[in-house]
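The structure under discussion appears below in the form of structure tokens.
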Amino acid sequence: MQIKTERATVAFNLIGYVFLSLLALFCLIPFWLIVSGSITDEMEIMAEGFKIIPDQLSMEAYKAVFATPDQIYRAYGVTIAVTVIGTVIGLFLTSMAGYVLSRKEMKYRNQLSFFIYFTTLFTGGLIPWYMLIVNQLSLKDSYLVLVVPLLISAWNIILMKNFMKSIPDSIVESAKIDGADDFRIYRSLILPLSTPGLATIGLFLALGYWNDWFQANMFITTASKYPLQFLLYKILASSAVLQTNAAAYISANVTPPTETLKMAVAVIATGPIVLLYPFVQRFFVKGLTIGAVKG
């Protein structure tokens with residue numbers, strides 16, 4: 001009986017591994033098509049479409065994007081700085097809000113939680129938001145406008161609150177008996193125990209900052225302040241790249257391709273953030289599962 005059970009377990013695990021491997025392969029194929037398309041000759045794509053393994057290799061798309069590399073490197077620097085600064089400050093504010101709302105002794109915590117949740121159902125609209133950023137906060141064409149609007153998310157606060165509720169109350173109570181104040185408890189006890197939740201929220205924030213182009217499109221007018229995604233968006237805004245405003249970033253002697261250029265831009269934009277994910281994957285999965293089962 002035990003032998004049959006072991007065989008059934010082995011067979012089940014084998015089927016599971018095969019299924020997950022095929023699923024991972026199917027998820028990988030679209031990304032590989034992007035990479036393959038970015039190094040395929042433009043005429044081959046126009047004639048035969050995208051292939052997993054191209055017949056003729058060409059780096060013309062990357063040469064077109066990096067024809068004047070200073071603009072790309074500057075945009076990379078802006079995006080990296082905004083992502084790092086915004087993620088760190090956003091984690092600090094989100095974790096503080098989650099800690100306060102997770103404490104049972106906090107007055108009106110349920111009302112505040114509902115108010116935060118209510119903002120996910122209704123918004124003021126684009127025009128009042130634009131007026132707030134430009135007229136009241138005076139953030140137009142500044143680096144702060146790339147950071148401030150994305151710092152706080154209601155979803156992130158709710159997720160962090162639910163995660164911190166899973167930390168035993170006895171830890172906080174024992175620290176208070178020893179004379180620790182709330183900020184000391186938050187800094188020395190809650191944050192170290194919330195590493196999975198912080199990694200999860202940090203990944204959400206980093207992805208949001210890295211992929212954001214809308215803030216720059218709305219508020220940035222100086223070309224040297226363009227983040228990477230918006231600069232690439234400007235390059236792809238028209239199929240006739242040399243006739244658009246993006247022509248200033250590409251050598252006039254280069255006629256960039258169209259289809260392969262789109263693939264090259266996608267690789268340049270997503271490559272660094274894809275390489276970041278494996279480092280936070282284990283925290284990401286744990287943070288989601290723990291935060292999801294606690295009410």
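Only the coordinates and a few stated rules stand behind these numbers; no lab work does. Everything numeric here is computed off the predicted structure, so don't read it as measured data. Cβ placement follows ideal geometry from the backbone for every residue including glycine, while neighbour counts extend to all protein chains displayed.
Can you compute the charge dipole magnitude of the chain about its Cα centre, using +1 on each Lys and Arg Cβ and -1 on each Asp and Glu Cβ, nothing else charged? Give it in debye, rounded to the nearest 20.
Approximately 1100 debye in magnitude.
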As an exercise, use a Förster radius of 30 Å and the Cβ-Cβ distance of residue 27 and residue 50 to find the FRET efficiency, rounded to the nearest 0.05.
0.95
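When the chain is fully extended, how far beyond the present Cα-Cα distance does residue 88 get from residue 211, taking 0.36 nm per residue of separation? Before the final figure, lay out each step's value.
Numbers: separation 123, 0.36 × 123 = 44.28 nm, distance 1.67 nm.
Between residue 88 and residue 211, full extension yields 42.6 nm more.
Quick one: order 169, 178 by neighbouring beta-carbon count within 10 Å, fewest to most. Can you show the working numbers first?
Numbers: 169 12, 178 9.
So the residues, fewest neighbours to most, are 178, 169.
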Listed residues 40, 222, 79; largest mean-square fluctuation, Gaussian network over the chain with Cα springs below 10 Å, found at 222
Could the peptides 27-37, 223-233 be put in order, highest first, of the mean number of other beta-carbon atoms found within 10 Å of their residues?
223-233, 27-37
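State whether the chain is rounded, prolate or oblate according to the following rule on the C-alpha gyration tensor (a ≥ b ≥ c being the square roots of its eigenvalues): a/c under 1.5 gives rounded; otherwise a/b larger than b/c gives prolate, and the remaining case gives oblate. Don't skip to the end; give the middle numbers.
On the way: a/c = 2.76, a/b = 1.30, b/c = 2.13.
Since a/c reaches 1.5 but b/c is at least a/b, the shape of the chain is classed as oblate.
For residue 105 and residue 187, calculate 0.36 nm times their separation in residues minus their Cα-Cα distance, and state this gained length in nm to one decimal. Please report the intermediate quantities before stating the final value.
Values: separation 82, 0.36 × 82 = 29.52 nm, distance 1.85 nm.
Taking residue 105 through residue 187 to full extension adds about 27.7 nm, to one decimal.
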Along Cα→Cβ, 7 Å out, is where each label goes; now give me the distance between the ones at residue 127 and residue 6 in nm to one decimal.
7.4
Pairs of lysines in the chain (C-alpha under 26 Å apart; 8 or more residues apart or interchain):
27
Determine the relative contact order of the chain: mean sequence separation of Cα pairs under 8 Å and six or more apart, normalised by residue count, in whole percent.
30
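Given a Förster distance of 41 angstrom, what is the FRET efficiency for residue 171 paired with residue 76, based on the Cβ-Cβ distance and rounded to 0.05? List each step's numbers first, then the result.
Values: r = 42 Å, r/R0 = 1.02.
In this case the efficiency is close to 0.45.
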